[in-house]
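Participant: Here it is, the structure in full.
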Amino acid sequence: MIKVVLLGTGRVSKHLFDAFTSSKDIEVKQVYGRSYKNLKPFSSSVKTTTQPHEIVAADIYIIAVSDDSISAVSQIVKNKKGLIVHTSGSTPMNALNNSMNKGVLYPLQTFSDHRKTELKEVPFCIETEFSKDYDLLEQLAFSISTKVYRIDSEQRQQLHLAAVFVNNFSNHLYYLGDTICNKANISFDILKPLILETAGKIETVTPFEAQTGPARRQDRGTIKRLEGLLSESIQKDIFTLLTKSIENTYDQKL
């Protein structure tokens, strides 16, 4: 059984904790956090602490904190044995600032407090300094997911960048669509079948093939009319930039 200590109390840590405690192959020995309030969701079923000197021995120490805090948190376990990993998509492995064997356990998914995410289908991108550590981390990842990939730090940063485009930016576009609907007293629910169909298409065709709309058709009249409906300058900028990007893509490729 792999013994784990979680360092961090945020969304990623909570989802990992739920998955680990449901696995017969993993024992969560402890959760470390900066405040007892943040540790409450964990304290009923596992040992918790706010004191670095109380952190117990484990096979793997998993840092699930904000990117800017990874280096500092890694220093509080610098005198431990075992493997230390972080869960960031954009942070290099060498940001772990101690002498322990290092690695990365990056779950490629969006996590929310109000929504439970099953990790079995979530891709886990893993990296280690040494092959024996890779075997251990791979075993851990496969105990909670069916999708495990060997991805190095450079690849992972590119993957995280791609994820920002397809997830964070697309969700912001949903938000802008919602505000346009609200302004016109229309329910955003009307757009949900379209959103689901657009996402579903890329199961069978490439994003390049799936593109539709006036920008791909280069329908200048429609584009001009739609742009004229936007009153906020930043929304006009986004509309114009994305339209230009689509036009350039298909002008070059058709």
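Read-outs: derived from the displayed coordinates by stated rules, not from any lab. Keep in mind that what you see is a predicted model, and the values were worked out from it rather than measured. Glycine also receives a Cβ, built like all others from the backbone with ideal geometry; neighbour counts cover every protein chain displayed.
Participant: Identify which of Tyr175, Tyr106, Tyr61 has the largest mean-square fluctuation in a Gaussian network model of the chain, with springs joining Cα atoms closer than 10 Å.
Facilitator: Residue with maximal mean-square fluctuation among Tyr175, Tyr106, Tyr61: Tyr175.
Participant: Give, rounded to the nearest 20 debye, the magnitude of the charge dipole that region 7-149 has about its Cα centre when Lys and Arg contribute +1 at Cβ and Asp and Glu contribute -1 at Cβ.
Facilitator: The calculation lands at about 480 debye.
Participant: What does the extension gain come out to for Lys201 and Lys147, with contour length at 0.36 nm per residue minus their alpha carbon separation?
Facilitator: Gain on extension, Lys201 to Lys147, equals 17.3 nm.
Participant: Let me ask something additional. Choose one answer from Val12, Val85, Val46: the residue with the largest mean-square fluctuation in a GNM of the chain with alpha-carbon springs under 10 Å.
Facilitator: So, out of Val12, Val85, Val46, the one fluctuating most is Val46.
Participant: Using a 7 Å offset from the Cα along the Cα-to-Cβ direction at both Thr212 and His172, what is the distance between the two label points in nm, to one decimal?
Facilitator: Roughly 2.6 nm, to one decimal.
Participant: Show the residues, 5+ positions off or on another chain, whose built amide H is closer than 5 Å to the amide H of Asn101.
Facilitator: Those qualifying (amide H under 5 Å, at least 5 residues apart or on another chain) are Gly82, Ile84.
Participant: Run the numbers for Ser90 and Ala57: contour at 0.36 nm per residue of separation, minus the present Cα-Cα distance, in nm.
Facilitator: 9.1 nm
Participant: Moving to a separate point now. Quick one: Debye curve from the C-alpha atoms of region 115-179, no solvent, what's log10 I(q)/I(0) at q = 0.15 Å⁻¹?
Facilitator: -0.62
Participant: Which residue, Arg156, Arg11, Arg217, tops the fluctuation ranking in a GNM of the chain built on C-alpha contacts under 10 Å?
Facilitator: Comparing Arg156, Arg11, Arg217 in the GNM, the peak value goes to Arg217.
Participant: Longer than 30 Å from Cα to Cα, which of Lys78/Lys132; Lys81/Lys116; Lys3/Lys116; Lys192/Lys224 are they? Say none if no pair is.
Facilitator: Where the Cα-Cα span goes over 30 Å, the pairs concerned are Lys81/Lys116.
Participant: How large, in Å, is the chain by the Kirkwood hydrodynamic radius built from its alpha-carbon pairs?
Facilitator: Taking every pair of different Cα atoms in the chain, averaging 1/r and inverting gives 20.9 Å.
Participant: Okay, moving on. Checking the cross-link filter: which aspartates and glutamates have an alpha carbon closer than 17 Å to that of Lys244, excluding same-chain neighbours under 8 positions apart?
Facilitator: Asp219, Glu227
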